[in-house]
Amino acid sequence: MKKVQILALVAACIVGIAALVLNTSKTGEETSVSKESVAIQAVTCQHMVCNIEACDYEVEEGVIPNNSFLSTILQGYGVAYKTVINLVEKSKGVFDVKKIRSKQPYYVLKNKENQEVDYFIYKQNTTDFVVFDMAKKGTTVYTYEKPVVINEKAGSGVIVSSLYEAVEEAGMTSSMAIELAGVFAWQIDFTRVQPGDEFKVLYEERICEGELIGTGNVQSAILTNSGKEFHAYLFNGGYYDENGKPLESMFLKSPVEFSRISSKFNKRRRHPIKKRIIPHLGTDYAAPKGTPIIAVADGVVTKSSYTGGNGKYVKLKHSSIYETQYLHMSKRGVKVGEHVKQGEVIGYVGSTGLATGPHVCFRFWKNGVQVNHLRQDLPAADPLDEATLSLFHVERKDLRIRLDKTIFSPEL
Ligand SMILES: [Zn+2]
């Protein structure tokens, strides 16, 4: 436990400097002593903790110990058992006290005169706090969120080896690569992003008390992939291309993010183990053992099993037309009959069965026939109606103007 002086209290949710209004009309009558006390007060009373004037309290700071309950922590500060029960009751619908996590910071505000705890403040994350208020008669529990400023930012880059590196090179956090891959997951197979591919993106950054606390929420982006341009515009919570066609489609392009295709769909492939021509009716994605394998579309698990050739594998039925299968898993993650959502993890990359190294052999059926999924023109999500489409184009033009303020591959 660390005792924190009011003046040093910078970690808590400081929301601003309380303006101290001095009555200047009386200045002439004041003695030098009273002036000094006003000056001290002005320096001391600078901080607010979750909108509470911290200068009125003695503030202690701590972290939630392992395997501890709110009740034990509060009782450790001398809070009466009855009050604790009351707080737990009042917290219902506001915050689940069972979800208090160890290592999270908390602040205790004690009444300077009687040393009683008036507030217990639990920090959920950078911006969110839960305030257990015991100051007034009848306790209350409420949440407090630090004010966050959202700035629109633009960035661009050229892929040299990977999207990750290009994004970091452009001064953005690597999470932007995951976000961009998510936006274009239905259009671009990120296992096939090539050197020279370019992107520009309009996104938001969240600032709290002058510090960057997060980036993301892509507003629009243009990405070139092998000379082809792909557009994304955020509208009504979804992404659309320049014509207002939803980017979201029934199928994702790949069952593994950030892997590489090690063997294509090929009806005349020489088998690497059997050493003879055996059609390869799937696409192999090489990735490290343990990499999550995701369902390319919503569906039902029809097989979750093992054979000598397939190793551990999972088969999904997506509709009366489409089925997919994922082979050579190190571990299966779903059982027959389970419903899975697009993007849900169904197993992990391995090399069980006939495999020379860790990869997932991805197989795709259309009307019972195995086909190359990369050659299919797959169904899209619901299109926008005409009225909404014209609203979309207004929004898109505006986003495009903002996006175009950034240029591809800025000169360094
Ligand atoms: Zn294969």
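The values are calculated or read from the model by the stated rules, or taken from the named source; none is laboratory data. Because the structure is predicted, anything quoted here is derived from the model rather than measured. Because the Cβ atoms are built from the backbone with ideal geometry, glycine has one as well, and the counts that use them run over all protein chains shown. Ligands, DNA and RNA are excluded from the accessible area calculation, which covers all protein heavy atoms including side chains. Shrake-Rupley method; radii C 1.70, N 1.55, O 1.52, S 1.80 Å.
At the listed q of 0.13, 0.14, 0.15, 0.19 Å⁻¹, the Debye profile of the range 48-151, built from one uniform point per Cα, gives log10 I(q)/I(0) equal to -0.44, -0.51, -0.58, -0.95. As a check on your grasp of the helix formula, calculate [θ] at 222 nm for the chain: sum -39500 (n - 2.57) over DSSP H runs of n ≥ 4, divide by the residue count, round to the nearest 500. Mean residue ellipticity, 222 nm, calculated: -4500 deg cm²/dmol. Rg and Dmax of the chain, based on Cα coordinates, read 29.3, 105 Å.
Simple point charges give the picture: +1 on the Cβ of Lys and Arg, -1 on the Cβ of Asp and Glu, and for the range 312-412 a dipole about the Cα centre of about 600 debye.
Dipole size in debye (nearest 20) for the chain around its Cα centre, Lys and Arg Cβ +1, Asp and Glu Cβ -1? If you can, show how the numbers build up before the last one.
Working: 50 positive and 46 negative charges, 619 e Å.
Charge dipole of the chain: 2980 debye, to the nearest 20.
For the pair T140 and S162, what calculated FRET efficiency results from E = 1/(1 + (r/R0)^6), where r is the Cβ-Cβ distance and R0 = 41 Å, to the nearest 0.05?
Working: r = 51 Å, r/R0 = 1.23.
After rounding to 0.05, the efficiency reads 0.20.
In this structure the amide hydrogen of H280, modeled in the peptide plane, comes within under 5 Å of the amide hydrogens of N266, K267, R268, R269, none closer than 5 places in sequence on its chain.
The residue list G210, A380, N125 was ranked by how far each Cα lies along the charge dipole of the chain toward its positive end, using unit charges on Cβ atoms, and A380 comes out on top.
The simple Förster model, with R0 at 56 Å and r as the Cβ-Cβ distance, assigns N367 and I150 a FRET efficiency of 0.75. Between Q376 and S319, the simple label model (points 7 Å from Cα in the Cβ direction) yields a spacing of 0.9 nm. A simple spin-label model places pseudo-atoms 7 Å from Cα toward Cβ; at E53 and K228 they are separated by 6.5 nm. Shape summary: the range 260-375 maps onto an equivalent ellipsoid whose semi-axes, from the alpha-carbon gyration tensor, are 21, 17, 12 Å in decreasing order.
Quarter the surface of the alpha carbon convex hull of the range 212-294 and you get the mean projected area, 9.2 square nanometres.
A simple rule links phi to the HN-Hα coupling: the Karplus curve 6.51 cos²θ - 1.76 cosθ + 1.60 with θ = phi - 60°, which for the range 114-128 gives 9, 6, 7, 6, 9, 9, 10, 10, 9, 8, 7, 7, 3, 10, 10 Hz, with x for Gly and Pro. Give me the net charge of E338's neighbourhood, meaning all other residues with Cβ under 14 Å from the Cβ of E338; Lys, Arg count +1, Asp, Glu -1. Net local charge, E338 excluded: +4.
Only lysines eight or more places from K315 in sequence, or on another chain, were considered; those with a Cα closer than 26 Å are K253, K264, K267, K274, K289, K303, K331, K335, K341, K366.
Measuring r between the beta carbons of K99 and T173 and using R0 = 30 Å, the FRET efficiency lands at 0.65. Summed over the residues of the chain and divided among them, the accessible surface reaches 54 Å² per residue at a probe radius of 1.4 Å. What you get for the range 260-375, charging only the Cβ of Lys and Arg (+1) and of Asp and Glu (-1), is a dipole of about 620 debye around the Cα centre.
Sequence-ordered 3J(HN,Hα) estimates for the range 72-85 from the Karplus curve with 6.51, -1.76 and 1.60 and θ = phi - 60° stand at 5, 5, 5, 5, x, 9, x, 6, 4, 4, 4, 5, 4, 4 Hz, glycine and proline given as x.
Measuring nothing but how far apart in sequence close Cα pairs (under 8 Å, 6+ apart) lie, relative to its length, the range 260-375 scores a relative contact order of 29 percent.
Taking a Cβ cut-off of under 15 Å around T143, the surrounding Lys, Arg, Asp and Glu residues balance to a net charge of +1, with basic ones at +1 and acidic ones at -1.
Applying the Karplus relation 6.51 cos²θ - 1.76 cosθ + 1.60 with θ = phi - 60° to the range 399-405 yields 3J(HN,Hα) values of 4, 5, 4, 5, 5, 6, 5 Hz, where x marks Gly and Pro.
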